[in-house]
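See below for the structure under consideration.
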Amino acid sequence: MSFAPSQPSSNSAIQWSRGDRAGGPVPLDFSFGWGKGKVFDWYQRMRSTSIISIQHRKEFEEPFRHEFILVSLEGGEYCRIDRRGDPDVPTQTLSSNGSDAHDTVHHLASIDGIDSDSECLVQLRFDGTIDLSFLLLICFNIRNDPKSQRYTLQRFNCYFFSWTITSILARHSVNWSTPEQLAAKVQLTATLKKRAVDPIAKQAAKLAMSCVSAVFISILQPRLRKVLRKHFRPTGFVPVRVLDRVVSIWMNRNMRPRMESVMRDVAESAMTSTLESTIESLLDSRSSVMQQTLSSSLWFDSVHEALRKTARVALRDAVWALMVKTLKSANDADIEVQQPYLPILSSDAQVAESTIPIKQDSQQVSQPPNTDKNPVVGARKWRVGGILDKFFVTGADAIADNSYDTAICSAWGMSGGLGGDAQTYEEWVASWDELWSTVREHARNEGQAVLRDIALTEAPDTGRDEVWRVVWEDLDAGFEASRPIVRDYMWETFEYATKTVVDVVSDVVFSAIQETSHHTLNVSLNQTKRKGEAHWSEVTHSELQAWIKSRIQKHGEQMLRLGSKGVHNDIKEAMARIWEQVSGASLPTDSTRST
């Protein structure tokens, strides 16, 4: 970190660099754009621009111990790259806005005496395949970043400048990719089934039960409660909170196990057919989506979160299709479940079908249909007398049973188009009203159909009929009350399924990432603990990243003690932004060199 007032008189390293150079310091001024200006004129005059090595160096002079980059070029030439604050307004460097950054490059005739003024912290050695123009490209993007373009003593100082150049040159020399076999269908399907199907089925069933319960409780409007009390139905007297608990217990005991079993099987089947190809394409490191994510990430420890974001965008529509297909397929699943009703046939049909046995529920209380009415072909004999019938009114159990087969699945099925467009919760809320009106009418039609069956197969009951008449008359108010509750439950189900699949996919990819060389790179790290006693170690790219991050962390802690918060994250994020720009640059790194 360099503090401007001390520079002209006391910084011996600066005096040395000014007095022993092949030319004067050249400002890294890119105001005319890439390829134009004095710095590119200087570049054209260089005899060699192939980088042999760079050194990240730290001066001995206290108190700030300025850091800079020394570049070794083919042919024995050197240049030095520095960042300093504006010496004319030194106090501005202390402000959050900072001062103009004085970034310069020096062509040095000699580096004699450099070791007496500074020490080398890191050395990166290349094979000459990286051109000096790539280093200029890094500086170009540092100065184009809205935050790092200015010098601040706390954040975007000489330390940041040197860390960024060193990190990006090293990152540019390696590739991150996934092995081809990762996208194999067998491994992919097995992993998804093992880690995603069961949690999704359980959560979807749980929240679906909550939806049904919410609708049931919401229809208990004041007028309906009054009618229920008139006919001495417990639901009219019991507090709503207690009723909510009773309904939840009934749902979890009678409906949820059935739904989980069905959904587990159909989700597994739907996952194979709906998600497999999308995820297989995503896992292929050669795909543009995956390659972009891996290549644009500077820090390895940030790759996991970057993969999550990429997977979420890539898989969102596919996960929605999975959930819709799962819930719509639940009705047609070839799984033996207890039938909630028995068909009632006419006399002629009974004779014709007398050889076909009908499986009776051992716990069912047989009640003959009303003898005053002739049952029609296709009428259904619903089970009655369950806990909901006793608490509410006859027909409640049958409608709750039917809601599994119709209302829950239809709500999801009807929302198929909604999910593809609703990428955020706000969009989901905005488009929910029309969907919920459709679901309400579907529930009304299905419920009234069940009650028509009950009217044909059970004894007349004026109290029952009056209660249901009020239910249908006040259904709009009840559905309006439950609308936001069900809306949020369904969104939560969708989000949970998305998160589960995304977590599985991103975990699989992250654990399989391999690092390979893009350019020949040898990294030496000076791990000395005493001034003047160098202790060099050959380290990997990941070890270099860990070392740089530890220095950023330490600097951030020092700044925090001085009252500056968030320095550590601000520096890392700025470095990541600059690498993203550099890695995505379409400019050839040697495009400025005349031939």
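General remarks:
- Extension gain (nm, one decimal) between residue 514 and residue 534, 0.36 nm per residue minus Cα-Cα: 4.0 nm
- Placing R0 at 25 angstrom, the Cβ-Cβ distance between residue 245 and residue 202 gives a FRET efficiency of 0.75 after rounding to 0.05.
- Counted over region 481-571 with a bin width of 5 Å, the fraction of Cα pairs per bin, in whole percents, is 3, 10, 9, 10, 10, 13, 12, 10, 8, 6, 4, 3, 2, 1, 0, 0.
- Spin-label pair residue 232-residue 461: with each label point 7 Å from Cα along the Cα-Cβ axis, the two points sit 1.4 nm from one another.
- With the simple model of a label 7 Å out from the Cα in the direction of the Cβ, residue 45 to residue 305 spans 4.5 nm.
- By the beta-carbon count within 10 Å of each Cβ, the least crowded to most crowded order of 547, 468, 163, fewest first, is 547, 163, 468.
- Extension reserve of the residue 252-residue 95 stretch, reckoned as 0.36 nm per residue once the Cα distance is removed: 50.5 nm
- When 36, 194, 202, 381 are arranged by Cβ crowding within 10 Å, least crowded first, meaning fewest neighbours, the order is 194, 36, 202, 381.
- Per-residue Cβ neighbour counts within 10 Å put 279, 548 in the sequence 548, 279, beginning with the fewest.
- Residue 289 versus residue 580: modelled label distance in nm, points set 7 Å from Cα along the beta carbon direction: 1.8
Throughout, read-outs are computed from the coordinates displayed, never taken from laboratory work. Note that this is a predicted model, so its numbers are computed, not measured. Glycine gets a Cβ as well: all are built from the backbone with ideal geometry, and neighbour counts include every protein chain shown.
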